[in-house]
Every structure is written in C-alpha cells, then in structure tokens.
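Please treat every number below as a calculation from the coordinates, not as lab data. Source: prediction; values computed, not measured. Using ideal geometry, Cβ is built from the backbone for each residue, glycine included, and neighbour counts are taken over all protein chains shown.
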Amino acid sequence: MTAPESGADPAVHVFIGKGGVGKTTCAAATALHFAGRGERALAISTDPTPSLSHIFGLPGHTREVRPGLEILELGLEQVRRMWDERFGRDVYAVFSAFVDVDYPTFVAFMTSVLPGLNEEFMVDHIRRLAEEGTYRPIVWDTAPLGQTLALLETPALLGEHLRMAPRIYSRIRTSGEGRESILEVLRRWQGLAEACMAFLRKRVRFTMVTIPEALAVDQLEGVFGEMRSHGLGVDRLVVNNVVKTEDSEFLRRKAEGQGVQLRRLRETYGDLPIQELPLFPYELRGIEGLEEAARLLYP
Ligand SMILES: Nc1ncnc2c1ncn2[C@@H]1O[C@H](COP(=O)(O)OP(=O)(O)OP(=O)(O)O)[C@@H](O)[C@H]1O
Ligand SMILES: [Mg+2]
C-alpha cells in the first residue's frame, strides 16, 4: 500500500466506489469534519451529474456551506474551458494546418472524443488547487468507478498518442517548425500525465466506499487490482449502509446476509482500517445528518 508523502498530511482525500454506495455522503461528512477543526476545506466534485450541494441540502451553485467550507461542482463545460486555456490554441494551431475545422468545434471534439482527457484535466485542476495551498484539505467526490478508473489509464493513452504522433506528423507536409511544435505539445502532455500520476500517488489519500452486499464485495477485488497496477494504494475502507438494529424479522435477516459480506471484507482487507457506517432510517442529507456521519467516520 502506498501512503501519501511520509510525514505530510495528505493534501487531498478522495472517495471512490461503485454507484450509489455513499461516496458523496462520505466526502461531504469528511469535509465537514475538517472544516470543524478550523481549517479551510474544499469539497470538490468531478461527477458529471454532481450531487454535493444536494447532499448538503443546499441550492446548486452554492459556494460557501459555512465559514471554512466551500463546495465546487466541476462540470464538463468548466473542464472544456480549462483544456482550452492550457492547450487548445497550441494544438489547434497545428491541426488547423491540415484539417478545416473551426475552433469551438475543434475544442468540443477534442474534449469529448479523446478518451481520458476530461479526467486528466480534472486531476490536473485538483493538483493545482492542492499546490496553491489555499484549501487544506481538499475533499474530492468522484463519479462512479468506471469513469474514475478511466483517469488512471490516461498516461498510457497519452503514451499511445505519443507513439503514433511521429508517424502521422512525418507524413504531413508542415514546415519543420510546425512538426517541432506539435511534438513539443505532446511532450508537455506526457509531462502533465506523469505529474498527475505522481500527485495521485504521493498527495492523495484514497478511501474505498462499499456496501455489505455480495455484488459490491465481488467487484472490489478488481478495483483494488486496477489501483495496484497503477501504483496506487487504498488507505481505508468504509462499509456503508450496515444494518445495526434488528428489531424485526426483516432487519434480522438483512443483518445476517450483511454479516457474511462483512466477514469476507474483514478477511480480505484486514490490513486496512475498516470503518462501518450504519444504515439510517432516513436519507442522510443536510448538515445535521452529515455531522452525525462525520462523528462516526472520525471517532
Ligand atoms: N448510511 C446511510 N443511511 C441512509 N442513507 C444513506 C446512507 N448513506 C448514503 N445514504 C443516501 O443514499 C443516497 C446515495 O448516497 P450518495 O449520493 O452518497 O452515494 P454515491 O456513491 O455518491 O452515489 P453516486 O455513485 O450516484 O455518486 C443518498 O440519497 C444518501 O443520502
Ligand atoms: Mg456521488
């Protein structure tokens, strides 16, 4: 298991897991926990259908939850703008030499078709925020797994783009200078991918969120494997929706089934801190409910 930079507090806490297991709830509770310690915390979401403000029980586009805690929901549009500002004109300058396409279409195409680009720029944005140091910590609420894991593939994809580039560009009759500039842009992309991976490995604390149901537990193994293959470790496991009251036959049987999965989790991931979060009889939403979750997650 990797740990964030030895000695230093992780700059970013990220919550990953399959759809609907409680990532946003845990992220929001964690942000409240840190904000309550007098720090300036930021809860940021890179889910294309974000729900942070909903979970906090606030109207969309709210920035300040309370003094010391801000939220930011990064949409596709913002990512597109970020990409545009940092790389768009450079790449367009080269492409427009041989493809007749207007600039907005080009940006929309690049940011929607090129796999991993959005994720890459989200990681890059969070890395920059962490380096600025305005917020400590940053709590990062991600989209369900498939999309999040895509971001880990980005360096490999960029490597592939780099491998292809000389072949493509050597056939294009641009001046030597034009060829030089596109290779330069691609080299910068690779540098960026490496910086993003280093950031994920050293400054980010990963919490895996799951529920004690067979399917969710089955799927965990693959996710852990995928993380390991990228040199990333999970620091903690949160098991959410655990039935703690058994005052009916229904709940007793539910708890029994969950018990089997909880034992599996403890056997397989016993080397990790495992935190259980009970299933509440109501939807965990709003500051009060989240504070209760925070007390349980950070006893
Ligand atoms: N322990 C709990 N008890 C009761 N309700 C919960 C609990 N944890 C989460 N919820 C509720 O379950 C719903 C899903 O939780 P949440 O949005 O945090 O999951 P998610 O993993 O972020 O989902 P998505 O993958 O869609 O982003 C929310 O309405 C939340 O209020
Ligand atoms: Mg969510």
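Order 244-253, 32-41 from most to least packed using the mean count of other Cβ atoms within 10 Å.
32-41, 244-253
Can you tally the net charge around residue 88? Count Lys and Arg as +1, Asp and Glu as -1, for every other residue whose Cβ sits under 12 Å from the Cβ of residue 88.
+1
Considering only the other residues whose Cβ falls under 13 Å of the Cβ of residue 273, what net charge follows from Lys and Arg at +1 and Asp and Glu at -1?
Taking every Cβ under 13 Å from that of residue 273, the sum is 0.
What does the charge count around residue 297 come to, taking other residues whose C-beta lies under 11 Å from its C-beta (Lys +1, Arg +1, Asp -1, Glu -1)?
-1
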